[in-house]
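Student: Before we start, here is the structure in question, set down as structure tokens.
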Amino acid sequence: MASQQASARAAVRDQLRGLLSRHYRLENHDLFFAPSLHIAQVLLSQLFLRQEQARNNTRYAAHYPVSELSVLPAVPMLAGNIALIAHVDEKTGRVRPLSECQSQGVTDASASFATGLHKRLVSEARLFVAQLNRHAALSDNLVLIALRTHDFSTLVRSELRLFEQGLNLGEAPQQALDSMAQSDWKPFNIACVEAITLETPCYLHSVQQPGLPFALFPLPADLTLTRLPPDATLLPETHCLCLHASVRGNGNKTQNVTAALKKRLRELLAAHHNS
């Protein structure tokens, strides 16, 4: 019974891998899953650590070609953990170069996967993680780990697959498949936003890099917004308002929603002043 359940879970994960590969142009990547970014970070940290130990172990090296050992880049580790470096810094609206992300740790592509930045991400990133409930609009509690196949040895990919098999992903993989099966689901968030300036009722100017699916506004010190709708987030550490945009599409082109988001901002501020 237990072996049948394990086989069924493995079949669901493999089916999801195949669909993600097709929808998100990941044919050149090996795909793995974790239930959270933290677990993905721990799992990858263990993998990097084991590979580093393997490089330094002459007895181990005698059994494997050098090419099987020199497969992971030198990634800074703090207290035994790799850092997850956000491709898109949502606190500042800046898009980091992927070379910068990869030199400092592992790319966290949660805010760029399945957006207008997706093509660049897939073509340039050797290794990235992404939450699938963000712009892919799939199930919560499911994180994708993607490795470009020709950059990593069979040994590394096999170890990662063994790690994944020991993780409890619950119903998240099946929920992702169910979401994909819905007639109104499309794989990409194709919304993009350019610079926005608002003169009244107060002066606001967006600071995010153009082309992202959100707008970021530093707020005046005396403006405090409460009861925000689901598409708005207040960042207390920077006193910025983030307005999110979402338009589903197939990813072939983006859709400029700047005017709609500017109207949304006016409505939000009007509701605040009238409350």
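The values are calculated or read from the model by the stated rules, or taken from the named source; none is laboratory data. Since the structure is predicted, the reported quantities are computational estimates derived from the model, not experimental observations. Backbone-built Cβ (ideal geometry, glycine too); neighbour counts: all protein chains shown. Heads up: the accessible areas ignore ligands, DNA and RNA and are worked out on the full protein's heavy atoms, side chains in. Shrake-Rupley method; radii C 1.70, N 1.55, O 1.52, S 1.80 Å.
Student: Taking residue 273 as meeting all but one of (1) modelled with pLDDT under 95; (2) assigned to a loop (DSSP other than H, G, I, E, B); (3) of a type outside the set (Ser, Thr, Tyr), write down the number of the exception.
Tutor: (2)
Student: Which residue, of 243, 234, is within 21 Å of the chain's Cα centre (by Cα), in a strand (DSSP E or B) and under 30 Å from residue 24 (Cα atoms)? So that I can check it myself, show each step before the final result.
Tutor: Working: 234 fails: under 30 Å from residue 24 (Cα atoms).
Result: 243 is the single residue among 243, 234 that is within 21 Å of the chain's Cα centre (by Cα), in a strand (DSSP E or B) and under 30 Å from residue 24 (Cα atoms).
Student: Does at least one position in region 224-232 carry a residue that is under 18 Å from residue 95 (Cβ atoms) and in contact (Cβ under 8 Å) with a residue 40 or more places away in the chain?
Tutor: Within region 224-232, the first condition is being under 18 Å from residue 95 (Cβ atoms), and the residues that meet it are none.
The answer is no; no qualifying residue exists.
Student: Further, regarding this structure: Could you give me the residue pairs with C-beta distances under 8 Å whose first residue belongs to region 28-40 and is outside any loop (DSSP other than H, G, I, E, B), whose second residue is β-branched (Val, Ile, Thr) and open to solvent by 10 Å² or more (accessible area, probe 1.4 Å) wherever it lies, and which are 6+ apart or on separate chains?
Tutor: Listed by first residue and then by second, the contacts come to 29/122; 29/149; 30/149.
Student: Now for a separate question. Output the residue which, of all residues in region 195-225 that are modelled with pLDDT under 95 and among the hydrophobic types (A, V, I, L, M, F, W, C), is nearest to residue 262 (Cα to Cα).
Tutor: Within region 195-225, the match that is nearest to residue 262 (Cα to Cα) is 198.
Student: Count, please, the residues in region 21-38 that happen to be buried (at least 20 other Cβ atoms within 10 Å of the Cβ) and either more than 16 Å from residue 127 (Cβ to Cβ) or of a type in the set (Lys, Arg) (or both).
Tutor: Residues that pass the stated criteria total 0.
Student: Shifting gears a bit: If a residue has to be within 26 Å of residue 138 (Cα to Cα), of a type in the set (Gly, Ala, Ser) and crowded, with 17+ Cβ neighbours inside 10 Å to count, how many in region 184-218 make the cut?
Tutor: Number satisfying all stated conditions: 2.
Student: Would you check which residues across region 219-234 are open to solvent by 30 Å² or more (accessible area, probe 1.4 Å) and among the aliphatic types (A, V, I, L, M) and list them?
Tutor: Across region 219-234, the qualifying residues are 221, 228, 234.
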